[in-house]
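Worksheet: one structure, shown below.
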Amino acid sequence: MLDRVLVPVDFSPMSKHALRAALVMARKSPLEIHLLHVIPEYEVHSAFHISLPERGEIESQAGRWAERAFETYLRGESLGDALLVKAVRYGNPARVVCQYADEVGAAVILIASHGRSGFERAVFGSVAEKVLRTCRQPVMVVKGDV
């Protein structure tokens, strides 16, 4: 039964297409939509021995930023009866998406593809492709107008 959908969100216009696809699905039957934003973990080192914020402070600031970004991202969207659950996690985006999908019992993952190719794809990788290859849940890759 399709009652819980995971939509990884990077706050881009492309990920909005995945959200809207989930909202269309929610019009047909009750649906819990989990919006997940993954903040990549970076090792913070200073080559110049400059005092940098502690990891916890960086994560706290990033979490506050993400909460404000969710508000902006959802502004103007017709949510209908869909139950939205917002989450922010830290780590490797594809790995975290799969872990979160297992944790919440998502029936399907709706993820946006940015359509990168060539050098850009080699440098940035494709989170959507990694999610498609590694998650246990069915994955729908949503492409919007580029």
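The values are calculated or read from the model by the stated rules, or taken from the named source; none is laboratory data. The structure presented is a predicted model; accordingly, all values stated were derived computationally and were not measured. Methodologically, a virtual Cβ is constructed for each residue, glycine included, from the backbone with ideal geometry; neighbour enumeration extends over all protein chains shown. Heads up: the accessible areas ignore ligands, DNA and RNA and are worked out on the full protein's heavy atoms, side chains in. Shrake-Rupley method; radii C 1.70, N 1.55, O 1.52, S 1.80 Å.
Keeping to the stretch 1-40, report how many residues are closer than 19 Å to residue 63 by Cβ and either part of a helix (DSSP H, G or I) or of a type in the set (Phe, Trp, Tyr) (or both).
2
Restricting attention to the stretch 65-86, and to residues there that are aliphatic (A, V, I, L, M) and not in a helix (DSSP H, G or I), which single residue is most open to solvent (accessible area, probe 1.4 Å)?
From the stretch 65-86, those aliphatic (A, V, I, L, M) are 66, 69, 74, 79, 82-85; that's our starting set.
Retained after the next criterion (residues that are not in a helix (DSSP H, G or I)): 79, 82-85.
Values: 79: 59, 82: 17, 83: 94, 84: 42, 85: 44 Å².
Among those that are aliphatic (A, V, I, L, M) and not in a helix (DSSP H, G or I), it is 83.
Those residues that are in a helix (DSSP H, G or I) and either of a type in the set (A, V, I, L, M, F, W, C) or in contact (Cβ under 8 Å) with a residue 24 or more places away in the chain (or both), I need them from the stretch 87-102; list them, please. Walk me through it before giving the result.
Of the residues in the stretch 87-102, the ones in a helix (DSSP H, G or I) are 93-102.
Within the stretch 87-102, 93, 94, 95, 96, 97, 98, 100, 101, 102 meet the criteria.
Filter the stretch 22-42 for residues that are under 10 Å from residue 81 (Cα atoms) and of a type in the set (Gly, Ala, Ser) and give the result.
26, 29
Filter the stretch 96-143 down to residues that are at pLDDT 95 or above and among the charged types (D, E, K, R) and give me whichever is surrounded by the fewest Cβ atoms within 10 Å (Cβ to Cβ).
136
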